[in-house]
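Trainee: Below are the structure tokens for one structure; questions will follow.
The values are calculated or read from the model by the stated rules, or taken from the named source; none is laboratory data. Everything quoted here is computed from the prediction, not taken from an experiment. Every residue, glycine among them, receives a Cβ derived from its backbone with ideal geometry; neighbour counts consider all protein chains shown.
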Ligand code: UD1
Ligand code: CA
């Protein structure tokens with residue numbers, strides 16, 4: 001008798017090259033929306049909660065990149081090296097040391113981003129209820145090309161899985177295919193895993209061949225047949241990736257609509273899987289939200305705006321064509337249209353930044369305004385200040401960046417060049433068109449420009465001179 005609950009581990013096969021993708025990146029790292037394909041598979045396993053005692057991923061082709069991704073984003077996942085990619089069966093063989101101590105082993109490919117935790121749970125439950133030696137998911141494919149076909153005997157029991165390239169024309173016409181997702185009782189897998197042969201069209205050790213081997217030894221192989229094919233789509237080509245991305249996009253958009261986000265045209269909105277949106281947020285057509293962006297309640301995002309890794313508190317308004325990244329906007333801030341905000345910029349409560357403005361690594365204080373045509377880099381602006389149109393913080397001397405500090409309640413006239421490092425004290429004014437090269441004390445007016453000179457009668461004199469030519 002077993003003591004305690006069964007220990008099940010999950011093994012993700014992610015070592016393949018993905019030749020058919022024709023991509024520089026290993027297939028499992030190719031992005032779907034803004035996350036690698038592998039992210040979705042690992043997230044699904046994560047969502048299964050404690051069903052899986054541990055998870056490992058087999059890495060190989062450009063494995064350093066895959067391993068680096070895993071250790072940065074999924075630190076509990078164990079990487080296992082398959083230095084030569086000799087097939088899916090070989091991948092399970094080389095991971096043996098990791099899985100022998102388990103009671104059950106789930107094996108799944110790293111290229112099925114649409115897979116849900118419900119399906120994995122159903123597979124595990126069924127496997128345990130049937131006391132099967134192996135259970136795997138099959139589905140009926142509209143176009144079975146490329147999948148392993150599930151061959152059944154006269155009493156419709158599974159007999160084997162035959163790969164596309166090894167199938168007879170008759171077998172190729174079968175619609176029921178292997179999802180590549182299996183669960184094995186470890187004690188039943190062990191005696192068979194080394195019996196796989198590579199005598200097939202690809203010269204590889206195919207994991208699906210184990211089905212036939214197990215059945216011939218009288219073992220119990222069960223299938224979970226599903227109707228919903230989309231979920232099990234393997235991504236092998238750019239076309240399949242594009243189709244999967246479109247389904248992922250729809251799924252994410254729907255879940256935000258269900259949470260009370262309003263979208264005028266959901267079919268044009270793109271939202272990454274790590275984005276959080278508050279209730280009552282409104283997204284105009286053609287908005288893109290990526291990375292770890294958080295949008296508070298009641299925010300409005302205008303058309304053609306692209307936000308990445310942004311933190312928006314409640315009631316922020318982003319007008320159209322705003323490109324914002326890695327920065328934060330406090331409650332009631334208002335930005336755009338046509339603005340770039342980047343690299344750790346902070347707009348405090350009710351601050352405003354407007355048309356044709358770029359703000360980089362700068363703080364704009366409460367209720368301060370930067371309404372038009374400004375570049376602000378490495379700067380800080382206090383509360384209630386106004387930065388006039390065309391102001392530029394000249395932060396770069398060709399070698400290093402320098403800071404600009406503007407205090408509270410300042411008025412920076414239009415067309416001011418602030419040559420950093422420079423500090424402008426509280427309550428001071430700067431005359432329009434000034435080039436400010438030294439600090440401005442509190443409560444002062446700084447004028448830094450050539451004095452204007454008018455020459456009376458100059459224009460008509462010029463006209464006369466020309467006539468005389
Ligand atoms: C595989 C199955 C096929 C099934 C289909 C479902 C085999 C031989 N065929 O085919 O029956 O219908 O999945 O999507 O298993 N991998 C490794 N090491 C290797 C080879 C592959 O880790 O040596 C990984 C790949 O990175 C990939 C997964 O295994 O994530 C599946 O490999 P892939 O080449 O995509 O198999 P398919 O041809 O799709
Ligand atoms: Ca595949």
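Trainee: Please go through region 205-251 and pick out each residue that is surrounded by fewer than 17 Cβ atoms within 10 Å (Cβ to Cβ), away from ligand 2 (no atom under 16 Å from the Cβ), closer than 27 Å to residue 121 by Cβ and at pLDDT 95 or above.
Mentor: Within region 205-251, 220, 246, 247, 250, 251 meet the criteria.
Trainee: While we're looking at this one, here's another question. Pairs please, first residue from region 224-240 and closer than 16 Å to residue 110 by Cα, second anywhere and within 14 Å of ligand 2 (Cβ to nearest atom) and at pLDDT below 95, Cβ atoms under 6 Å, 6+ apart in sequence or on different chains.
Mentor: That search, which allows pairs on different chains as well, returns 236/20; 237/20.
Trainee: Every residue in region 193-221 that is more than 15 Å from ligand 1 (Cβ to nearest atom) and part of a loop (DSSP other than H, G, I, E, B), please.
Mentor: Matches in region 193-221: 217, 218, 219, 220.
Trainee: When region 1-28 is examined, which residues are found to be assigned to a helix (DSSP H, G or I), within 21 Å of the chain's Cα centre (by Cα) and more than 23 Å from residue 119 (Cβ to Cβ)?
Mentor: Listed by number, the list holds a single entry, 21.
Trainee: Test residue 104 against the stated conditions and say whether it is modelled with pLDDT under 95 and more than 16 Å from ligand 2 (Cβ to nearest atom).
Mentor: Taking the combined requirement at face value, the residue does not satisfy it.
Trainee: Next question, about the same structure. So which residues in region 152-186 are closer than 23 Å to residue 45 by Cβ and not in a strand (DSSP E or B), if there are any at all?
Mentor: Answer for region 152-186, where residues must be closer than 23 Å to residue 45 by Cβ and not in a strand (DSSP E or B): just 186.
Trainee: Also: Does residue 202 fit the bill of being surrounded by fewer than 15 Cβ atoms within 10 Å (Cβ to Cβ) and within 16 Å of ligand 2 (Cβ to nearest atom)? Before you say what the answer is, go through the steps one by one.
Mentor: Working: surrounded by fewer than 15 Cβ atoms within 10 Å (Cβ to Cβ): yes; within 16 Å of ligand 2 (Cβ to nearest atom): yes.
For residue 202, the condition - surrounded by fewer than 15 Cβ atoms within 10 Å (Cβ to Cβ) and within 16 Å of ligand 2 (Cβ to nearest atom) - is met.
Trainee: Of everything in region 145-162, what is under 23 Å from residue 205 (Cβ atoms), free of Cβ contacts under 8 Å to residues at least 60 places away in the same chain and surrounded by fewer than 20 Cβ atoms within 10 Å (Cβ to Cβ)? Give them in sequence order.
Mentor: Step one: list which residues in region 145-162 are under 23 Å from residue 205 (Cβ atoms), which gives 145-151, 158-162.
Add one more test, that the residue is free of Cβ contacts under 8 Å to residues at least 60 places away in the same chain, and what stays is 145, 149, 151, 159-162.
145, 151, 159 - these are the residues of region 145-162 that are under 23 Å from residue 205 (Cβ atoms), free of Cβ contacts under 8 Å to residues at least 60 places away in the same chain and surrounded by fewer than 20 Cβ atoms within 10 Å (Cβ to Cβ).
Trainee: From the list 38, 45, 13, exactly one residue is closer than 30 Å to residue 269 by Cβ, in contact with a strand residue (DSSP E or B) (Cβ under 9 Å, 6 or more places away or on another chain) and within 16 Å of ligand 2 (Cβ to nearest atom). Which is it?
Mentor: On the way: 45 fails: within 16 Å of ligand 2 (Cβ to nearest atom); 13 fails: closer than 30 Å to residue 269 by Cβ.
Only one candidate passes the filter, namely 38.
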